[in-house]
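K.L.:
The structure is given below, and queries will be raised subsequently.
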């Protein structure tokens, strides 16, 4: 037996054992045993993915698993990339989760139901990229959706807001499933088969209109799972309300499968398409990148901030995928391969730093009971390890060296800039806008994470809970340390992924392009004559910063003056936490700049002194920045459905005769339709 099927069989066995273990084991053993089994699922699935990235391939048909068609599986380098990422995230988060569950007792993620579902969710993340037929893919996709929904609901007894978030998530994910089902069914019917091999073979005989319909339906479904605007409404609701370990898996592994589906169907199965396909994809990616990071800049809820950051990063990934399709349509496969490789590398980088950030947010929530940055502060001194790990993740998110997000966004910019040489009016207009989107999102991301670090960790503590915060259990820190090590490795030696990225790009039809090459210390782009060595960049930054700090200290010693006097404070006394910047005040200048886009809601309530209208007793200021797309797009639909629901109650009067009449008229209508159709 080769490595891939053996590893997948092991992952399936461990996941299958984890579900009953979560149901029957007592509380004192449940978290540890399920955590170990779930970590084993991740290690085994990640091993299969690494083997596929190394050049191995595997396919199999299990005829008795599903009725009629059976189950089909196939693993190539593209599948392997997403399996390796998911496996690594599952393993690290499982270690984190053991410590997370230990402090929550039998509630939330520690409950029997949640512990039984967690290994199945982890297994579905690994098996979705291995599916090789429409029925197998849809079954595993739905397993992933249902298990993640149950995990989002894990803490519904503690907070009523969890239920509302779960309803949003359930509706959005199943609307996506309906679109995906429709698109793939049309595709399979036109191609004459449901296996991926039959779909590839039958694509040439499908009309351009039907191919366009299939692409639009599946692209909308996949981008909704990736959390792209305007289909993102579930993401900033579900991620904050889910347990932090689940949030990490959803944001670092589950949303990636939306990207996998888009690449698999758009490039591999459909074989690419006209320019308008990819312009649509780029428009969604660019909108999501800018809108997502703007909403993150306004957010005070730490986990909501990270959720909107996921929309931004997935938008950048989809922007690169769209550019790859556009370059391929123009006949430049080398640039198409480079843009696609940059997008896939950003998927890897985003998974590492976002799982780390959600883990650190979970540690803060455990220590303080708060997600609101305005009620935190002072955590750097009280939780120094968590603060340092959060800083590592934040450095990756802002796409500056030595963060791991820098190299993938640099590759993405290289593909866009060199794409200007591709002839055509479309590229001359679209690519400069894409470069501007990448630059703007990177700048805003820096402001977002400076806010999160500065207000949440470096400011003075604003509540007693923040002042009394302590580090989480060692296993939570160990899980985050594994993710931080992954971020460091991706930042310093990303060239180690070069061959794997090349094989993943080749798996969708760009054989021979080899967009990224080089050893571990360099990344070489042969087609555009560019070379970057992140390790040397980090070394140069370290030397420069060290020299600057040494010079500053030397100058300070020469000017040192002893003084016992306190700085003049205008008679106001020592500074208090109320004098420090809050997350809201930090974001206020950006809010003014983007006022027309964000449409903030502000209210000032002035209460005068009873004896005089000219003296003020209290001033209350409220500032709210709602999700404008949700407010303008989804709220009218929800209001209309509510009206329709209230009106429909009149149809249910409780009379058996009326219900029999409904059945009779329904049967007659069905018979008429059948007769006319016949």
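K.L.:
Based solely on C-alpha atoms, express the radius of gyration and the Dmax of the stretch 591-646 in angstrom.
P.N.:
18.2, 52
K.L.:
Which value in nm describes the separation of the simple spin-label points at residue 36 and residue 581, placed 7 Å from the Cα toward the beta carbon?
P.N.:
It is 4.8 nm.
K.L.:
Against the empirical 2.2 N^0.38 Å scaling, what ratio does the C-alpha Rg of the chain come to?
P.N.:
Computed over Cα atoms of the chain, the ratio equals 1.02.
K.L.:
Over the stretch 174-299, calculate the relative contact order: mean separation of alpha carbon pairs under 8 Å at least 6 apart, over the residue count, as a percent.
P.N.:
Normalised by residue count, the contact order of the stretch 174-299 is 28 percent.
K.L.:
I need to check one value: relative contact order of the stretch 591-646, counting alpha carbon pairs closer than 8 Å and at least 6 residues apart, in percent.
P.N.:
30 percent
K.L.:
What is the fewest-to-most order of 225, 451, 303, 333 by other Cβ atoms lying within 10 Å of their Cβ?
P.N.:
Ordered from fewest to most neighbouring Cβ atoms within 10 Å, 225, 451, 303, 333 come out as 333, 303, 451, 225.
K.L.:
Order these peptides, 116-125, 350-359, 608-617, 192-201, by their mean beta-carbon neighbour count within 10 angstrom, highest first.
P.N.:
350-359, 116-125, 192-201, 608-617
K.L.:
Give the separation of the Cα centroids, the stretch 161-212 to the stretch 130-152, in Å.
P.N.:
Here the two parts' Cα centres lie 13 Å apart.
K.L.:
Can you give me the C-alpha center-to-center distance between the stretch 589-606 and the stretch 29-85, rounded to a whole angstrom?
P.N.:
So the two Cα centres are separated by 48 Å.
K.L.:
If you take the alpha carbon radius of gyration of the stretch 256-347 and divide it by 2.2 N^0.38 Å, what ratio comes out, to two decimals?
P.N.:
1.14
K.L.:
Given 25 °C and 0.890 mPa s, how large is the Stokes-Einstein diffusion coefficient of the stretch 272-550 in µm²/s, with Rh as the Kirkwood radius over Cα pairs?
P.N.:
Diffusion coefficient, whole number: 127 µm²/s.
K.L.:
Continuing with this model, one more query. Just need the relative contact order of the chain here, percent rounded to a whole number, with Cα pairs under 8 Å and 6+ apart.
P.N.:
This gives 12 percent for the chain.
K.L.:
Then there's this: Taking neighbour Cβ counts within 10 Å as the exposure measure, how do 232, 631, 418 sort from fewest upward?
P.N.:
631, 418, 232
K.L.:
Return 627, 268 ranked ascending by Cβ neighbour count within 10 Å, so the fewest neighbours appear first.
P.N.:
Exposure proxy ranking, most exposed first: 268, 627.
K.L.:
Taking only Cα atoms of the stretch 22-171, what ratio of Rg to Rh do you get with Rh as the Kirkwood inverse-distance radius?
P.N.:
Rg/Rh: 1.02.
Every number in this text was worked out from the coordinates using simple rules, so none of it is lab data. None of the values given here were measured: they were computed from a predicted structure. In this analysis, Cβ positions are derived from the backbone assuming ideal geometry, glycine residues included, and neighbour counts consider all displayed protein chains.
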